[in-house]
Structure formats: C-alpha cells, structure tokens
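The structure under discussion appears below in the form of structure tokens.
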Amino acid sequence: MKKFIIVTVVLTAFLATSGVVQAHPGNTASDGCHYCRTNCAKWGEVYGARHCHGGYSPSYSYPTYRSTTPYHETCTTQSLYDKYIYEKTRGTEMNNLSSKPWWTKCPISVRQAAYKRIQNNFSEETYMETTTESNQPPPPSWWYNEQTRQTAPKRSTTPTTSLPTTTSSTSDSIPANAYPSDFSSRGWFCNSGYKQVSSECQKIIPPANAYISDLSSQGWFCNSGYKQAGNQCQKVIAPANAYLSDFSSSGWFCSSDYKQYGNQCQKVIVPTNAYPSDLSSQGWFCKSGYKQAGNQCQKVIVPANAYPSDFSSQGWFCNYGHRQVGNSCISN
C-alpha cells in the first residue's frame, strides 16, 4: 500500500513538472509524442505537427520523431493551400503568387479554388495562433516530411495577416477581354463581343446589316432579309410570289400554289382530280382513287378480289388469299 502511494505521488509530481500537457496538449501518446494543438508557436511549432519531447521535456530544437508521410507535389486545392501556409511559416514573401513556379504550374481552376480558400477561410494569424482543436482544419500532410522539417527554420511568433493580391491567380494566363472558366481547356473564354485569335481576344467588327452573336464562328449573323456573301451581308431580292426566309439558302421560298424554277416562282397548274401540295416535286398529288399519268390523274380501275390503295404503283392490292396475275387477282 505504501509503495502504491509513493509511486502515485512521484508520478503526479513528474507529470506536473514535465510541462507536456500544460505546454501544448495534443493527444499525447505513450511514447510522449503528440500532434500539436494549442500554443504551438511558443515552442517554434505549427498546428498539427507530430513530435516527441524526448523524456517529456519541452526543451528541444527539433522533434526527435518525424512521420514518413511524403510531401504533396500534386496540383490539388489542398496541396496548394498547404504549400501557401508552409511558405508563410518560413517567412517567404507571398504577395505575388504568379512568381511562384509551384503555383503557376497547376491548372487555373485549381489555383482559383486554393486562392478562394486562402481568402475566405484563414488569415495567417487565425491559422497559426488563435484556432483551437474544435475549429482547426486537419493537419497539413506536407509538414510531416522529414527533409522539410529538418531544413525549416522556426517560425516567428509575430502574427501576419497579409494575403496575396487578387492579381496573382489569373493575371499571368488570362488575356484582356476574357474571363476565367472551368469549362474551357484554356481556362478562359472571350467576353461577349470578342473572339479568340490564338491566345488573345480580338474585338468583333460585324459588317453592315449584321449583328454580333456568340453562336457564329465569325462572331456575327446577317440581319433578316440579308444573306452572307463572304464578309458582307447582301440584301435578299425575292421574286414575285415569294416570301423571305432565313431558312432558305437563297433567302426566300415560293408562296403556296407556286413552285420554284431557277430564280422565279411559277404558278402550279393542278390537273383534275388532284390537289396542290408543297411536298410534291410537281406541286400536286392525285386524289385517292386516282393515279398520276404524266400531267394528269387517271381513275384507278380496281379488279375483282382487290381493294384500292395509294401505296401501290397501280393503285390497288389483291385481297387476302389472292395473288396478282397481270391486272387480275386470282385465288391462291
């Protein structure tokens, strides 16, 4: 019983003087190692860094334990965000990201997402000094890399709240008169009224009697009543008995009861027992029970055991159970 009390007292005194939990608690493991969660800057540490105090002593130059998690060299929102925070802890000037190769090598959509996160989520002071375990983001994986930790100097405890300027993320790749877009392989589209020429956006100058359109390859369409001829819009001259139409290559269609012959519209002469139709090459079809013979419609003579049909060349089909022999239908 006495031995138990003595051990308890000694252990309590040891923990009280060690300073591990009191210095910066962070889920201390049995080996004395933990991930830093609070007061990290006082010990030259950053949030999320796993380290050991070597015998539960907070005095050290660099942690004796380092994870083997590799540094993230991929172009992702998380890796760019982590890299930005890391460079800031080393005192690197970060106001012009367009001069950083590790930033500009990534696609513009990834850079925009990372920059937005830097702007909206954390200032340098918030990330390093005032966050707690409940609202702090996950530890950046790049910090666990041994080579990075060995060469990284201790950060200053002086808070810095500066963020990169808004020109750093896109000004190096988006031309004038363009806007960024994730739906473009180039990362941008030209503004309305401009068209892409190589890596620039040139102003569209439509000809007379035309209007600007993003749906046209040349950037414009001719007004109604005009048709394109090279780089110009010429007025459509419709003949008599015709009407203008943007759906015609000539710019016009013949009126009903008229048919186009060259550049003219001639009246369709409908024979007896026929009716006019724009779907017919001659402008008319024979009525049911009649068939075309030249420019006339002749009455169909249906033989015995047959029935009339507009889908037959002779105008009739044999009844079921009969077959055609010449102009007659005989039983099978």
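The values are calculated or read from the model by the stated rules, or taken from the named source; none is laboratory data. The shown structure was predicted, so the numbers you read here are calculated from the model rather than taken from an experiment. FYI the Cβ positions are ideal-geometry reconstructions off the backbone, even for glycines, and counts take in every protein chain you see.
Brief remarks follow.
- Conditions (1) in contact with a strand residue (DSSP E or B) (Cβ under 7 Å, 6 or more places away or on another chain); (2) more than 30 Å from C254 (Cβ to Cβ); (3) modelled with pLDDT under 90; number of the one not met by S312: (1)
- Residues (at pLDDT below 50, loosely packed, with under 13 Cβ neighbours inside 10 Å and not polar (S, T, N, Q)) located in segment 103-142: E133, P138
- Matching residues, segment 174-185, being within 15 Å of C106 (Cα to Cα) and in contact (Cβ under 8 Å) with a residue 12 or more places away in the chain: I174, P180, D182
- In segment 85-102, the residues that are in contact (Cβ under 8 Å) with a residue 40 or more places away in the chain and crowded, with 16+ Cβ neighbours inside 10 Å: I85, Y86, K88, T89, M94, L97, S98
- A residue that is closer than 30 Å to F311 by Cβ and surrounded by 13 or more Cβ atoms within 10 Å (Cβ to Cβ) occurs somewhere in segment 239-253.
- Selected residue (criterion: farthest from C329 (Cα to Cα)) from residues of segment 265-306 that are assigned to a strand (DSSP E or B) and in contact with an Asp or Glu (Cβ under 7 Å, 6 or more places away or on another chain): K267
- Restricting the search to strands (runs of 3 or more DSSP E) fully inside segment 165-263 and requiring at least 1 residues that are farther than 25 Å from Y115 by Cα gives 194-197, 200-203, 210-212, 220-222, 226-229, 232-235, 242-244, 252-254, 258-261.
- Tallying residues that are among the hydroxyl-bearing types (S, T, Y) and in contact (Cβ under 8 Å) with a residue 12 or more places away in the chain within segment 208-248 yields 4.
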